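Engineer: The following block contains the structure, expressed as C-alpha cells.
The values are calculated or read from the model by the stated rules, or taken from the named source; none is laboratory data. Bear in mind that the values here come from a model prediction, so they are computed numbers and not experimental data. As a convention, Cβ positions derive from the backbone with ideal geometry for all residues, glycine included, and neighbour counts pool all protein chains shown. Note: accessible area is taken over every heavy atom of the protein model, side chains too, but ligands, DNA and RNA are not part of it. Shrake-Rupley method; radii C 1.70, N 1.55, O 1.52, S 1.80 Å.
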Amino acid sequence: LVFALLAVLAISAMAEDPQSPKWPNKFTEDFTESFTYPVIGTHKTQGSFYYDFTSNRYRVSRDNGRFDRYCGLNGLKAFQNTPCDHFVDEHGDRYLYYPEKSECCYCCSAEHGCGLLKQNWLEGATFQGETEFQGYTAYKWDKPGLQSNFYYETVAENPLDRIMLDMDQQPNDDQTFDPNTWSLSFDDSILELPSICEKKTTCPLVSICTAVRHA
C-alpha cells in the first residue's frame, strides 16, 4: 500500500505544470517579426531585443519600424520604411528613436504602462502543454490581455534556464526569436539613450503614444 501511494504521488508530481516563465536579469536575442493587418496584409522585419532588469532599461531595435504600432503610427512617420528603436530608460520613460533620420521623441512612461516588463510578467499565464516549435521542444503559455498572448520557450525545470522562442500577440504581431543569438551579456552602452532624446520632445499629437498618455 505504501509503495502504491508513493507511485501515485510521483505520477502526480510529474503531471504538475512547470513553473511560470521568468526572465533573467539581463539578456539579448534577435528576432524576426511578422505583422498582419486587415487590407495591408502581412509584412516582416528583423530586430534585436536587449533587456536589463537591474538597471531598469531595455531596447528593441527594428530594421523597419513601419508596421510597429508605435513607430509606424507616429505623426509624419506614418507608414514610412525606416529603422526604429524603442528605448526605456532607468526612469521608466519610453522613447522612439529613428537613427536614419536622427530624430527621437518621448512616447510614454511606466505610469502609462510603457515601462520595463517585469521579469515575472508571465506569472499566472496558463500552461498550454509541450509542443514542437521551430525544431525545439517547447513549453507553450497563454497570458491573456485584450486577446491571447502566446509565449513559447525551451524546456527546462528552472525558468531562468529557458530560452525565449516566440511571443505571439494575437492577432497581428508575432516575434520569433533565434536561440542561437541568445546571450546573458552585452555591452551596456547599447542601452544608452541617444543624446537627442529628451522628455520635452513628445511624439506628435497624432500618434499611438499620445493616445496612451491620455488614456
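Engineer: Can you pull the three principal axis extents for the Cα set of the range 121-215, in Å, largest first?
Structural biologist: Between the extreme Cα coordinates on each principal axis of the range 121-215 lie 47, 35, 22 Å.
Engineer: At q = 0.16, 0.20, 0.21 Å⁻¹, what log₁₀ I(q)/I(0) does the range 8-122 have when each alpha carbon counts as one equal point scatterer in the Debye sum?
Structural biologist: -0.81, -1.13, -1.20
Engineer: Take every Cα pair under 8 Å in the range 82-169 that's 6+ residues apart, average their separations, divide by the length, and report that relative contact order as a whole percent.
Structural biologist: 15 percent
Engineer: Quick check: the angle from helix 2-15's long axis to the longest principal axis of the chain, C-alpha only, nearest 10 degrees?
Structural biologist: Long axis of 2-15 versus the principal axis of the chain: about 20 degrees.
Engineer: Continuing with the same structure: P(r) of the range 75-180 in 10 Å steps, Cα pairs, percent per bin?
Structural biologist: 13, 33, 34, 18, 2
Engineer: As an exercise, identify the trypsin sites (Lys or Arg not before Pro) in the range 131-215 lying in DSSP coil whose Cβ has no more than 16 other Cβ atoms within 10 Å.
Structural biologist: Filter output for the range 131-215: Lys199, Lys200.
Engineer: With loop defined by DSSP as not H, G, I, E or B, and exposure as at most 14 other Cβ atoms within 10 Å, which is the longest segment of the chain clear of exposed GluC sites (Glu not before Pro)?
Structural biologist: 17-89
Engineer: Say we join alpha carbon atoms closer than 10 Å with springs in a Gaussian network model of the chain; which of Gly92, Gly129, Gly41 then has the biggest fluctuation?
Structural biologist: Sorting by GNM fluctuation, first place goes to Gly41.
Engineer: Counting Lys and Arg as +1 and Asp and Glu as -1, what is the net charge of the other residues whose Cβ lies under 12 Å from the Cβ of Leu122? Kindly include the intermediate steps, with their values, before the conclusion.
Structural biologist: On the way: positive: Lys22, Lys118, Lys140, Lys143, Arg162; negative: Glu123, Asp142, Glu153.
Net charge around Leu122: +2.
Engineer: Which whole-Hz ³J(HN,Hα) couplings does the range 159-168 yield from phi under the Karplus relation 6.51 cos²θ - 1.76 cosθ + 1.60, θ = phi - 60°, glycine and proline marked x?
Structural biologist: x, 6, 8, 8, 10, 5, 10, 6, 10, 10
Engineer: Quick one: among Leu96, Leu76, Leu193, which has the greatest mean-square fluctuation in a GNM of the chain with alpha-carbon springs under 10 angstrom?
Structural biologist: With Cα springs under 10 Å in the chain, the top fluctuation among Leu96, Leu76, Leu193 is at Leu76.
Engineer: Could you provide, to the nearest whole Å², the per residue accessible area of the chain with probe 1.4 Å?
Structural biologist: Spelled out: the 1.4 Å probe surface of the chain, per residue, equals 54 Å².
Engineer: Top mean-square fluctuation among Tyr70, Tyr95, Tyr51, Gaussian network model of the chain, C-alpha springs under 10 Å?
Structural biologist: Largest GNM mean-square fluctuation: Tyr70.
Engineer: Next question, about the same structure. Determine Rg/Rh for the chain; Rg is computed over alpha-carbon atoms and Rh is the Kirkwood hydrodynamic estimate from the same atoms.
Structural biologist: Expressed as Rg/Rh, it is 1.04.
Engineer: How big is the accessible area of Ser20 in square angstrom, nearest 10, if you roll a 1.4 angstrom probe over the protein chains?
Structural biologist: So the heavy atoms of Ser20 present about 40 Å² to solvent.
Engineer: Restricting to Cα pairs below 8 Å that are 6+ residues apart, what does the relative contact order work out to for the chain? Please round to a whole percent. Can you show the working numbers first?
Structural biologist: Working: 449 pairs, mean separation 49.9, N = 215.
Reported relative contact order: 23 percent.
Engineer: Students often get this wrong, so check it: of Lys101/Lys199; Lys77/Lys199; Lys118/Lys143; Lys22/Lys77, which have C-alpha atoms separated by over 24 Å? Could the numbers behind the result be given before it?
Structural biologist: On the way: Lys101/Lys199 18 Å; Lys77/Lys199 19 Å; Lys118/Lys143 14 Å; Lys22/Lys77 35 Å.
Lys22/Lys77, as the Cα separations exceed 24 Å there.
Engineer: Further question: What are the ³J(HN,Hα) couplings of the range 17-27, residue after residue, when phi is run through the Karplus curve with 6.51, -1.76, 1.60 and θ = phi - 60°? Round to Hz, x for glycine and proline.
Structural biologist: Each residue of the range 17-27 in turn: 5, x, 5, 4, x, 8, 7, x, 4, 8, 6 Hz.
Engineer: Something else about it: If you average the C-alpha positions of the range 178-211 and of the range 62-99 separately, how far apart do those two centres end up, in angstrom?
Structural biologist: So the separation of the two Cα centres works out to 8 Å.
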